[in-house]
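Here, each number is a calculation from the coordinates, and none is a lab measurement. The structure displayed is predicted, hence computed values, not measured ones. Positions of Cβ are generated from backbone atoms using ideal geometry, with glycine treated the same way; all protein chains shown enter the neighbour counts.
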Amino acid sequence: MMRAVIIGNGDINNYEYIKSKLRTDDFIICADGGYNHAVKMNVIPDVLLGDFDSAEDFEKIEDRIEYPVRKDYTDGEIAVEYAVEHGYDNILMLGMTGNRFDHTLTDALLLTKCRNGVLIDDNNEIYLLRDSIEISGRKGQTLSIIPINGNVSGIYTNGLEYPLRNETLYFGAGRGVSNVMTDDMCSIVIKSGQALVVKVEQV
């Protein structure tokens with residue numbers, strides 16, 4: 001199944017690691033300054049979107065859509081909406097975290113707009129948990145479950161050191177932070193609510 005990859009203008013330090021997440025059949029969307037990251041990874045975007053206040057030499061890309069600087073949406077949000085509108089259920093977001101916490105938080109919450117999305121940076125993989133999810137990783141890897149938009153109830157976990165059995169994680173509380181994978185796969189099932197699942201990568 002083809003996948004859309006959105007490259008944003010956040011921080012990327014380990015280009016080799018981030019580029020390793022790409023596949024040859026990915027549809028690459030650069031959100032404005034994300035194009036600068038694509039150039040450093042020798043990646044040619046299929047489309048470039050944004051107000052172009054950050055992208056350098058963007059005129060080289062023929063397939064581009066320019067938006068006004070004064071707008072009600074971030075460039076990252078525009079890119080996600082573009083991917084969804086063009087039928088991409090699987091969306092990978094790269095370069096969408098950094099020292100602007102407002103942008104980082106907004107971009108992580110863009111996962112709520114994706115049917116099957118993941119945000120990856122140099123240190124984390126972030127998923128949205130709606131009903132159930134399986135996460136592959138490594139034994140001993142840190143994994144956190146963080147409720148958003150209210151409590152998460154009826155939660156069951158398998159493959160985690162601190163198991164949850166039909167319990168509730170409360171919005172704004174830290175009980176779900178810093179669990180540990182006991183195998184190379186874990187699963188989480190919930191009855192109601194939504195949560196961000198953050199797997200910590202130490203690369």
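Worth pointing out:
- Cα Rg over Rh - segment 90-157, Kirkwood: 0.95
- Degrees between helix 75-85 axis and first principal axis of the chain (Cα, 0 to 90, nearest 10): 80 degrees
- Mean projected area of the convex hull spanned by the Cα atoms of segment 1-66, taken over all viewing directions: 4.3 nm².
- Mean Cβ count within 10 Å, highest first, over the residues of peptides 30-36, 183-189, 75-81, 19-25: 30-36, 75-81, 183-189, 19-25
- For segment 8-14, Karplus couplings with θ = phi - 60° (6.51, -1.76, 1.60), whole Hz, Gly/Pro x: x, 9, x, 8, 9, 10, 9
- Using a cut-off of 29 Å between Cα atoms, the listed pairs Lys139/Lys191; Lys21/Lys113; Lys40/Lys139 include Lys40/Lys139 as exceeding that distance.
- Charge dipole of segment 78-169 about the Cα centre (unit charges at C-beta), most positive-ward option of Ser144, Leu128, Thr106: Ser144
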